[in-house]
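First comes the structure, then the notes that go with it.
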Amino acid sequence: MIATKSIQFSYEGIPAFEIPDLEIRGGEALLVLGKSGSGKTTLLNILGGLLAPRKGEILVDGLSLYSLKGQKLDKFRGKNIGIVFQKPHILAPLSVAENIALPHFFSKSEANDKVDHYLKELGIMDKKHAKINTLSEGEAQRVSIARALVNEPKIILADEPTASLDDENARIVVQLLKSQAAKLGAALLIVTHDQRIKSEINQSITLKRKDL
Amino acid sequence: MSMLKLSWKYLLAKPWNTTLNILLLALGLSIITVLILIQDQFENKMNRDAAGIDLVIGAKGSPLQLVLSSVYHIDFPTGNIPLDEARGISRNRLIKNTIPLGLGDNYQGFRIVGTNHDYLDLYEVTFAAGEAWNKAFDVVLGSRVAQKSGFEVGDVFVGSHGIEAASHEHDEHPYRVVGILAPSDKIVDQLILTSIESVWYAHDEEHDHGKMEEEVAKTGFPEVVADEERELTTLLVQYRNPIAAVQLPRLVNSRSALQAASPSFEISRLFELLGVGISLVQGLALIIVLIAGLGIFIALYNSLKERKYDLAVMRAIGASREQLFVLIILEGVLLTFLGAVTGLLIGHFFLYILVMTNEQGALSGLSAGVFLTQEWWILAYALGVGILASLIPAWNAYRTDIANQLTK
């Protein structure tokens with residue numbers, strides 16, 4: 001579903017990251033491990049179409065991601081790539097349901113309304129009209145997962161999704177990500193240094209930086 | 001969800017900030033609205049009321065006061081002039097017609113104007129009920145007077161001396177309503193019209209009841225016995241030809257007791273004097289609007305700092321740069337649109353209050369329900385301010401660096 005070919009990326013003044021070629025098929029999950037500063041998040045941004053690499057290519061379902069430009073890339077990302085961030089980053093002026101519906105709106109796929117479906121799948125149906133500031137951390141993270149899933153993407157990227165959660169919630173979040181990705185047949189990539197996740201997902205790679 | 005709704009939700013998330021900005025803008029725009037409404041209607045009304053009157057002749061004093069008192073019935077009369085002199089002037093070949101006015105009494109603040117039927121023709125009045133006066137102490141009420149007093153044809157009332165309410169009453173000579181005028185949006189709406197004779201007889205010490213039953217003069221001057229020294233307040237003059245405009249005022253002013261004043265000249269002088277004040281207030285209103293614009297700019301700019309994450313998240317879930325740009329511009333436009341609409345409403349409401357509390361003054365007869373084309377310009381101006389104020393914040397939103405923002 002997603003594959004990378006000899007990506008290179010470097011920030012100014014810092015040696016280039018070593019990013020191995022990787023491939024995740026639909027329904028598979030991959031854990032990306034590494035110390036902080038090893039380029040985990042940078043890799044996730046590159047895979048998510050948020051940050052263009054210096055060199056190399058990212059293929060999503062056979063399509064070269066960065067051959068798309070501007071609005072086309074934005075719409076493609078909205079439709080095909082779901083991203084879960086370390087913090088939920090839910091838009092406070094909107095309700096839970098409106099937050100989850102937002103990807104539908106931005107990628108113009110409102111006809112295919114999956115909001116209620118994912119509220120149910122993630123067990124937050126009772127929070128549908130809740131205000132954002134009344135949610136607990138775990139609930140907020142589930143809302144952000146629902147938002148990442150609502151367009152039924154081909155790829156799900158998660159950046160330290162469990163970092164700020166307790167054991168119980170961390171386990172639930174990883175389980176949800178795994179099961180939903182499997183249901184959608186989507187490729188799941190989780191960037192983390194959280195030991196609790198390692199037991200849940202077998203496949204992993206570890207990133208290193210030359211000088212670290 | 002739509003872009004408009006999304007913008008609106010973000011404005012609602014900061015209700016106090018939003019309200020403050022809307023009110024500040026509304027304040028500035030409402031001042032401009034009131035000024036525009038008053039200026040337009042006031043000038044219109046002033047010109048309408050002076051139509052057909054080329055010159056006013058009265059006692060010496062301020063020419064502006066003479067015009068205000070005898071054409072618009074707002075200031076005090078300058079004094080009276082002898083009937084003989086008035087009659088003498090009116091025979092001048094430069095004059096086409098004169099209408100004599102005898103002022104000085106009122107009924108509850110509505111001025112009683114002694115005149116002849118030519119005055120009715122001058123303002124092209126139509127009667128809602130009854131007919132014009134025939135005898136002394138017969139009166140015709142303007143539509144507002146009738147509405148306020150509740151009088152109908154056949155009713156009787158007592159006038160008071162002076163042009164303001166609650167002075168000494170002429171209780172020996174009640175007036176009888178014989179006619180009521182249809183609303184005309186002119187000064188006659190607020191006047192009580194009667195014959196010159198009525199005004200004279202009301203002030204006479206002796207009462208000759210036989211005289212009061214005679215028919216009064218319908219045009220020109222009333223006939224008087226030679227030894228009576230009757231007076232008028234003013235003469236409204238129509239020129240026979242354009243030369244009169246040059247010669248007649250000079251001729252009249254050279255006579256010791258009389259003064260001539262041109263309504264159009266005096267009124268344009270008045271507007272010139274008022275114009276300075278109006279420009280000042282207008283300038284102040286414009287500055288308030290600019291400050292409101294600045295307020296909107298600062299509010300958007302600051303809220304953008306807090307919202308960088310939100311904007312980055314929107315990009316991550318499929319929003320394009322252009323959509324974020326539009327989102328912020330819409331917020332500015334929404335704010336100013338609401339401010340403009342509120343401002344226009346407040347402006348009209350303010351004028352309504354002003355007119356209501358000023359029923360017999362200079363602003364009476366103005367309408368708060370009039371919508372002028374200039375008000376569309378106010379709206380356009382406000383939206384322009386909104387777009388201008390949101391341009392820089394919108395550009396910042398357009399340039400949001402998603403990857404950097406989300407991983408901070």
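The values are calculated or read from the model by the stated rules, or taken from the named source; none is laboratory data. Predicted model, so just to flag it, every value in this text is computed and none were measured. Methodologically, a virtual Cβ is constructed for each residue, glycine included, from the backbone with ideal geometry; neighbour enumeration extends over all protein chains shown. What goes into the accessible areas is simple: the full protein's heavy atoms, side chains included, and nothing from ligands, DNA or RNA. Shrake-Rupley method; radii C 1.70, N 1.55, O 1.52, S 1.80 Å.
Here are some notes:
- Taking each residue of the stretch B:5-34 that is within 14 Å of chain A (Cβ to nearest Cβ) and looking for partners that are among the acidic types (Asp, Glu) with beta-carbon atoms closer than 8 Å, six or more apart or interchain, yields B:7/B:331; B:9/A:98; B:10/B:331; B:11/B:331.
- Qualifying strands (runs of 3 or more DSSP E) (wholly inside the stretch A:136-212; at least 2 residues being open to solvent by less than 10 Å² (accessible area, probe 1.4 Å)): A:155-159, A:187-191
- Flag: residue A:30 does not match the condition of being more than 9 Å from chain B (Cβ to nearest Cβ) and buried (at least 21 other Cβ atoms within 10 Å of the Cβ).
- Which numbered condition residue A:125 fails, given (1) over 24 Å from residue A:2 (Cβ atoms); (2) of a type in the set (A, V, I, L, M); (3) open to solvent by 50 Å² or more (accessible area, probe 1.4 Å); (4) within 14 Å of another protein chain (Cβ to nearest Cβ): (4)
- Filter result for residue B:288 (open to solvent by less than 60 Å² (accessible area, probe 1.4 Å) and more than 14 Å from chain A (Cβ to nearest Cβ)): yes
- Screening the stretch B:176-213 for residues that are assigned to a loop (DSSP other than H, G, I, E, B), modelled with pLDDT of 75 or more and farther than 23 Å from residue B:86 by Cα and picking the one that is most open to solvent (accessible area, probe 1.4 Å) gives B:183.
- Filtering the stretch A:90-105 to residues that are facing chain B (nearest Cβ under 7 Å) and open to solvent by less than 10 Å² (accessible area, probe 1.4 Å) leaves A:91, A:94, A:102, A:103.
- The stretch B:2-13, residues that are open to solvent by 30 Å² or more (accessible area, probe 1.4 Å) and under 9 Å from residue A:93 (Cα atoms): B:9, B:12, B:13
- For the stretch A:43-57, a residue qualifies if it is farther than 22 Å from residue A:140 by Cβ and more than 8 Å from chain B (Cβ to nearest Cβ), and the qualifying residues are A:43, A:46, A:47, A:49, A:52, A:53, A:54, A:55, A:56, A:57.
- Residue within the stretch A:110-119 that is open to solvent by 40 Å² or more (accessible area, probe 1.4 Å), in a helix (DSSP H, G or I) and more than 11 Å from chain B (Cβ to nearest Cβ) present: yes
- Condition check for residue B:54: among the acidic types (Asp, Glu), within 30 Å of residue B:85 (Cβ to Cβ) and either open to solvent by 30 Å² or more (accessible area, probe 1.4 Å) or in contact with a strand residue (DSSP E or B) (Cβ under 6 Å, 6 or more places away or on another chain) (or both): yes
- Under the condition of being surrounded by 24 or more Cβ atoms within 10 Å (Cβ to Cβ) and in contact with a Pro (Cβ under 6 Å, 6 or more places away or on another chain), the residues counted in the stretch B:57-75 number 2.
- Consider the stretch A:58-89 and keep the residues that are in a loop (DSSP other than H, G, I, E, B) and away from chain B (no Cβ under 13 Å). The one that is surrounded by the most Cβ atoms within 10 Å (Cβ to Cβ) is A:61.
- Restricting B:125, B:158, B:113 to those that are in contact (Cβ under 8 Å) with a residue 60 or more places away in the chain, among the aliphatic types (A, V, I, L, M), open to solvent by 10 Å² or more (accessible area, probe 1.4 Å) and closer than 25 Å to residue B:233 by Cα reduces the list to B:125.
Yes/no per residue for (1) open to solvent by 20 Å² or more (accessible area, probe 1.4 Å); (2) within 14 Å of chain A (Cβ to nearest Cβ):
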| position | (1), (2) |
| --- | --- |
| B:322 | yes, yes |
| B:325 | yes, yes |
| B:329 | yes, no |
| B:333 | yes, no |
| B:339 | no, no |
| B:343 | no, no |
| B:349 | yes, no |
| B:356 | yes, no |
| B:369 | yes, no |
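- The residues of the stretch A:66-122 that are among the polar types (S, T, N, Q), in contact with a strand residue (DSSP E or B) (Cβ under 9 Å, 6 or more places away or on another chain) and modelled with pLDDT of 90 or more amount to a single one, A:80.
- None of B:229, B:272 is open to solvent by 70 Å² or more (accessible area, probe 1.4 Å), modelled with pLDDT under 90 and not in a helix (DSSP H, G or I) except B:229.
- Selection within the stretch B:86-110 - out of contact with any Lys or Arg (no Cβ under 6 Å at 6 or more places or on another chain) and open to solvent by 30 Å² or more (accessible area, probe 1.4 Å): B:87, B:88, B:91, B:92, B:93, B:97, B:107, B:108
- Among the numbered conditions (1) buried (at least 21 other Cβ atoms within 10 Å of the Cβ); (2) at pLDDT below 90, the only one that residue B:302 does not meet is (1).
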